[in-house]
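A.B. asks: Pasting in a structure now, in structure tokens, and then I'll have a few things to ask.
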Amino acid sequence: PPIGLESHRIEDDQILASSMLRHGLGAQRGRLNMQAGTNEDDFFDGAWCAEDDSQAHWLEVDTRRITMFTGVITQGRDSQIHDDFVTSFYVGFSNDSQHWMMYSNGYEEMMFYGNVDKDTPVLSEFPEPVVARYIRIYPQRWNGSLCLRLEVLGCPLSAVSSYYTQQNEVTSTDNLDFRHHSYKDMRQLMKVVNEECPTITRIYNIGKSSRGLKIYAMEVSDNPGEHETGEPEFRYTAGLHGNEALGRELLLLLMQFLCKEYQDGNPRVRGLVTDTRIHLIPSLNPDGYELAHEAGDWTVEQWSRMWGAGMGCGAVGWDGKAVGCSPPPRHSSPLPWAGHKAPSWAPEMCQRRGWDLEHWDETWAVGCSPLDSPGGEKLVSFPFDMARPSPPTPAAAPRPLDYEDEHPELQETPDHAVFRWLAISYASAHLTMTQTFRGGCHAPDVTNAMGIVQGAKWHPQAGSMNDFSYLHTNCLELSIYLGCDKFPHESELQQEWENNKESLLTFMEQIHRGIKGVVTDQQGEPIANATIVVGGINHNVRTASGGDYWRILNPGEYRVSARAEGYNPSVKTCHVLYDIGATQCNFILSRSNWKRIREIMAMNGNRPIRRVVPGRPMTPREHLRLRMRLRHRMRLREQMRLRRLNATMATSSPTAPPSTTALPFPFSSTAYMPWSQEPPTASTWEMDTETEIVTELVTETE
């Protein structure tokens, strides 16, 4: 297994070098898959580089324990400008860092051959393992400048020499399947869990990938397969990027853990399963995982299937319409800004988005996607992920001092405080996520030592699933980045499970915070699709088909109203406490007369109905319009009477000529232009009868 350069288990002071080109290319940057900063040639470049082209330079790693070394993985410099990589090297070992023994084939020092490009990692295995504490790489030939990224493979044979590192090493006591699972193994494991706990689990799929693989999900609930009124919905999704397997394995471990602990009577797990409907999708992109597994390469970005911009999870147009999928969202909230063209959706993301909208009428409350480590980071990101375009500013404009003013493209959600609470609940319960004193995986810490960051402030991207869920569903969705190593070794899965176990449970428990309730009419019938409005927060949620809703809020006092079409709104004051457990806040709505008013307006062609005020004299213009209306109505009545008369005469005497009847007052058909040139029909006749009462009232008033 790897000793931990990529995952940062090997600390910066354990990596030494003979020299460095500059600080941004120091020994601490010589980790496998280290990424360069936004601007190259800064303090965070993408490799270790020696100060000159001499074969005497070396890169050294101190494991702080006796280790049996089995090989190394080398990689070139991460750069868009430079093409630097090592093509051959020697390897040396030591127990005291003073006396070194070079690896040999029995006759001479053995030459190892490295990379042929700067991006693809190359594994060099030792024919015979070597036991030592220190290891050195001596580059001999290279392309461009002498630059290197490295991972060392080996097994520890003694206790670590650092007390603090000993305290951080955790061995899991859970009897779980700590190994990597292929697509076939994943299906088999989910089937085993379902057979062990058939009363609380259910396996289903949300669609198929582009290669036809089913995207499986597992539901964990005391009544799987049905939505219980008043029970919130929660989801974890992982495996969005095929070459990032940690989230996939954590969800498979979580399935096993919930099943075993529920059977063992764990009160915390039993309460969570009983009061929550949990959905777990371990692999949202099974194609990418299988392709990377077949190729044996977990670093090639083509397996990542990056949708949207940057690390995006899909695309949605900010007018509320998704690109490449149908049908459109059932309800939506536009962004405070517009004008961004979203990229198209991949088939897997269409399935995921359709799944969201299919469950829209259930009380989605919190979601987490992706539960992965895109690019190798360890933090929690929350919406908005999209940054609005910066408006053009005059050159002479004063420079603001505040960060928000200095970066006007940042836009907080109305639920910004709630998102921060949810993000902190995961990061603070994680064993290492808030230990950011060493910096980030590839760049300085952007979380202010809290392990959380707003997506638009960190990596702005258009069309993320986090933004889509917030704008078009009831769900609050965040992204959890699990670590610097995209594909940890099986021996490290126990440690990763212990790092994240408490966070996974604590984050799910936050769904039971805020207010909940049922919206009904005066007869006790539930009202679906009612709107729940919280005063001061410009983001509403809708009730499910059973009239129930769930709104996550921070502790405090809120003025909450429920509104539905055809009903009078109802307003209440709801108190949210600090303890876990949502406050019950039900609403009973009375019917309003707006429905009847809309029916009358529709019968009148949705034209305004003139309101007659008794006693007020009519203006000449109003007199003229009234005379035109009366003449038009008289003409319609006469035409209708003639049609009926003709129909009667035709049935009794087909050859009899039609009779004519003179109007009771002088009338010219060309005096005034009628409202419509189309012949009147029965529907227009019935529609106009609704205004006869108003006309007669005006006549009597005159």
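A.B. asks: Quick check of the Kirkwood formula: for segment 12-156, what is the inverse mean of 1/r over all pairs of different Cα atoms, in Å?
C.D. replies: On the way: mean 1/r = 0.0664 Å⁻¹.
The Cα-based Kirkwood calculation yields 15.1 Å.
A.B. asks: Moving on. With every protein chain left in place, what is the accessible area of Leu624 in Å² (1.4 Å probe, nearest 10)?
C.D. replies: 80
A.B. asks: I want to check the label-to-label distance for Met649 and Glu599. Put each point 7 Å from Cα in the C-beta direction and report it in nm to one decimal.
C.D. replies: So the two model labels end up 3.9 nm from each other.
A.B. asks: Pop the C-beta distance of Thr120 and Glu51 into the FRET formula with R0 = 41 Å and round what comes out to the nearest 0.05. If you can, show how the numbers build up before the last one.
C.D. replies: Numbers: r = 26 Å, r/R0 = 0.63.
Computed FRET efficiency for Thr120 and Glu51: 0.95.
A.B. asks: Taking the simple approach of a point 7 Å from Cα along Cα-to-Cβ for both Asn538 and Asn266, what is their distance in nm?
C.D. replies: 4.3
A.B. asks: Rounded, prolate or oblate: which one fits segment 515-594, using the alpha carbon gyration tensor with axes a ≥ b ≥ c (rounded when a/c is under 1.5, else prolate when a/b beats b/c, else oblate)?
C.D. replies: Details: a/c = 2.08, a/b = 1.71, b/c = 1.22.
Note, shape of segment 515-594 comes out prolate.
A.B. asks: Roughly speaking, what is the stretch gain from Thr274 to Ile580, that is 0.36 nm per residue apart minus the C-alpha to C-alpha distance, in nm to one decimal?
C.D. replies: Numbers: separation 306, 0.36 × 306 = 110.16 nm, distance 1.50 nm.
Computed gain between Thr274 and Ile580 is 108.7 nm.
A.B. asks: Now, a different point. Once you have the Cα-Cα distance between His489 and Thr87, take 0.36 nm times their residue separation minus that, and quote the gain in nm to one decimal.
C.D. replies: Details: separation 402, 0.36 × 402 = 144.72 nm, distance 2.59 nm.
Using 0.36 nm per residue and subtracting the Cα-Cα distance, I get 142.1 nm.
A.B. asks: Rounded to the nearest 0.05, what FRET efficiency is calculated for Asn95 and Glu502 with R0 set to 30 Å and r the Cβ-Cβ distance? The partial results should precede the final answer.
C.D. replies: Values: r = 38 Å, r/R0 = 1.28.
That gives a FRET efficiency of 0.20.
A.B. asks: Given R₀ = 60 Å, FRET efficiency for Asn448-Arg616 by Cβ-Cβ distance, to 0.05?
C.D. replies: Working: r = 68 Å, r/R0 = 1.13.
For Asn448 and Arg616, the calculated efficiency is 0.30.
A.B. asks: Here's something else I'd like to know. Using a 1.4 Å probe on the protein chains only, how many percent of the accessible area of segment 12-156 belongs to carbon and sulfur? Walk me through the numbers before you get to the answer.
C.D. replies: Working: 3210 of 6460 Å².
Carbon plus sulfur share of accessible area: 50 percent.
A.B. asks: Could you order Thr199, Thr434 so the one with the most accessible surface comes first? Probe is 1.4 Å. Present the calculation step by step, with values, prior to reporting the outcome.
C.D. replies: Details: Thr199 100, Thr434 55 Å².
Accessible-area ranking of Thr199, Thr434, largest first: Thr199, Thr434.
A.B. asks: Using 0.36 nm per residue, how much length does the chain from Gln188 to Glu565 gain when fully extended, once their Cα-Cα distance is taken away? List each step's numbers first, then the result.
C.D. replies: Details: separation 377, 0.36 × 377 = 135.72 nm, distance 4.81 nm.
Value of the extension gain: 130.9 nm.
The values are calculated or read from the model by the stated rules, or taken from the named source; none is laboratory data. For clarity, every value in this text was computed on a predicted model and none was experimentally measured. With ideal geometry, Cβ positions are generated from the backbone for all residues, glycine too; neighbour counts draw on all protein chains shown. Side chains included, ligands, DNA and RNA excluded: accessible areas come from the protein's heavy atoms. Shrake-Rupley method; radii C 1.70, N 1.55, O 1.52, S 1.80 Å.
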